[in-house]
Amino acid sequence: MQQFLAFAQIIISLLLIFLILLQVKGTGFGAGLGGIESEYRSQKIASRSLFRLTIVVIIVFISLSALSVAVN
C-alpha cells in the first residue's frame with residue numbers, strides 16, 4: 001500500500017508541476033499581434049479551467065499525503 005501511495009504521489013506531483021508551469025501570467029503572444037476579443041474570451045475560459053483543474057490536483061495531492069502519513 002505504501003509503495004502505491006508513494007508512486008501516486010510522484011505522478012500527482014509531476015502533474016501538479018506541469019499544470020503550474022502551464023499557467024502563464026500576462027496577456028500572451030497573440031494579444032501583442034492584435035488578437036480579437038473572442039480569442040481572449042476563449043483564453044480566459046481555458047485559463048479558468050486550468051486553474052480549477054490545478055486546485056483539484058492540489059486537493060488530491062494533499063489527500064494522498066495525508067493518507068500516506070496515516071498509513072505509516
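Bear in mind that the values in this text are calculations on the coordinates, not laboratory data. Just so it is clear, the structure is predicted and the values come from calculations on it, not from any experiment. Cβ sites come from the backbone with ideal geometry, for glycine too, and all protein chains shown count toward neighbours.
Note on A70 and S49: with the Förster distance fixed at 30 Å, the Cβ-Cβ geometry gives a FRET efficiency of about 0.40. Taken along the Cα-to-beta-carbon direction at a fixed 7 Å, the label points for L22 and F7 span 2.4 nm.
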